[in-house]
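The values are calculated or read from the model by the stated rules, or taken from the named source; none is laboratory data. Source: prediction; values computed, not measured. Backbone-built Cβ (ideal geometry, glycine too); neighbour counts: all protein chains shown. Side chains included, ligands, DNA and RNA excluded: accessible areas come from the protein's heavy atoms. Shrake-Rupley method; radii C 1.70, N 1.55, O 1.52, S 1.80 Å.
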Amino acid sequence: NLFCSLASPIALAFLTAYPTPQSAARLGEVRMAAFLRRNSYRGGKPAALLLARLHAAAVPAAQLPTDTLALMTGTQVTLLRGIQTAIADLENLIRQRVDEHPRAPLLAALPGVGTINLAQLLAEIGPILDRVDTVDQAGAECGVTPVTKASGKTSGVYFRWAANTRARKAITAFAHNARMQSPWAAELYSNARARGKRNPHATRIVARAWLRVIWACWHHGTPYDPAIHHAAQRRTA
């Protein structure tokens, strides 16, 4: 690809200015550099390199008429921009609703949680925390605790299929993000992997641990504070 993403602003601007291979073929290094400056390109690639990529692109065996291809490209660019606008509007609405949620401040400082993931936790995990009596029940409903099955003299621990899949996705997505930001979560994950757990299982282990933290914040009405959490972990150690 010429740019990092087809849906990036610079790529859409390029397709608008040069919708066909014939129009792009007239580009030289000076004009490419001017285009990049005009569109505030921040990709870090020099004009010469981008131009070399453009010239190395595969040529289709059968080509559509230039005017037809230009119309199709313009239509696709318009659709992509419309989708991007709709996504941005939806994200702004989610951000507004999260800001208005009375319990959002309790979880807003969780490591690695963004606006969308925070909205998922409030919408999917919150009602479960309000409904169940214990954090273990919450873990079971969120699908982050395993199922123990026994028959005669044999027993085993298995993946919990009967669970709220949206809640499981919300808490495990947060667990993945958190282990990138929190040394405590990263250690939980690495220890689970060292015991032979696969990535999904290790992520659920981290999610189960975070669910206990979230439970405490939710039911005590105390916003998550990483300084207090880490201090508590040091005292326990």
Equivalent ellipsoid semi-axes - Cα gyration tensor, the range 1-95, angstrom
25, 19, 11
In sequence order, what are the phi-derived ³J(HN,Hα) couplings for the range 134-146 according to the Karplus relation 6.51 cos²θ - 1.76 cosθ + 1.60 with θ = phi - 60°, rounded to whole Hz, with x for glycine and proline?
9, 5, 5, 5, 4, x, 5, 5, 7, x, 9, 10, x
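Would you mind calculating the gained length between residue 66 and residue 198 on full extension (0.36 nm times residue separation, minus the Cα-Cα distance), in nm to one decimal? Working shown, then result.
Values: separation 132, 0.36 × 132 = 47.52 nm, distance 5.15 nm.
Fully extending the segment from residue 66 to residue 198 adds 42.4 nm.
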At 0.36 nm per residue, minus the direct Cα-Cα distance, what do residue 2 and residue 166 gain on full extension? Give it in nm, one decimal, please.
55.4 nm
Only sites in a loop by DSSP and with at most 11 other Cβ atoms within 10 Å count here; which trypsin sites (Lys or Arg not before Pro) in the range 127-174 make the cut?
153
Which of these, 162, 58, 119, has the largest mean-square fluctuation under a Gaussian network model of the chain (Cα springs below 10 Å)?
58
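Considering lysine pairs in the chain that are 8 or more places apart or on different chains, how many have Cα atoms under 29 Å apart? All intermediate terms of the calculation are to be shown ahead of the outcome.
Details: 149/169; 149/197; 153/197; 169/197.
Step by step, the pairs that qualify in the chain add up to 4.
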When the chain is treated as a Gaussian network with springs between alpha carbons less than 10 Å apart, the largest mean-square fluctuation among 127, 65, 146 is found at 65
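Can you compute the FRET efficiency between residue 89 and residue 222 using 1/(1 + (r/R0)^6), with r the Cβ-Cβ distance and R0 = 35 Å? Round to the nearest 0.05. Working shown, then result.
Details: r = 34 Å, r/R0 = 0.97.
Rounded to the nearest 0.05, the efficiency is 0.55.
Largest first, what is the accessible-area ranking of 180, 32 with a 1.4 Å probe?
Values: 180 110, 32 0 Å².
Solvent-accessible surface, decreasing: 180, 32.
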What is the distance in Å between the Cα centres of the range 103-171 and the range 1-62?
46
Distance in nm between pseudo-label sites at residue 136 and residue 101 (7 Å out along the Cβ direction from Cα):
2.8
Pair residue 181, residue 29: separation of 7 Å Cα→Cβ label points (nm)
4.4
Leaving ligands, DNA and RNA out of it, rank 99, 130 by accessible area with a 1.4 Å probe, largest first.
99, 130
Along its three principal axes, how long is the chain when you only count alpha carbons? Whole Å, largest extent first please.
73, 46, 33
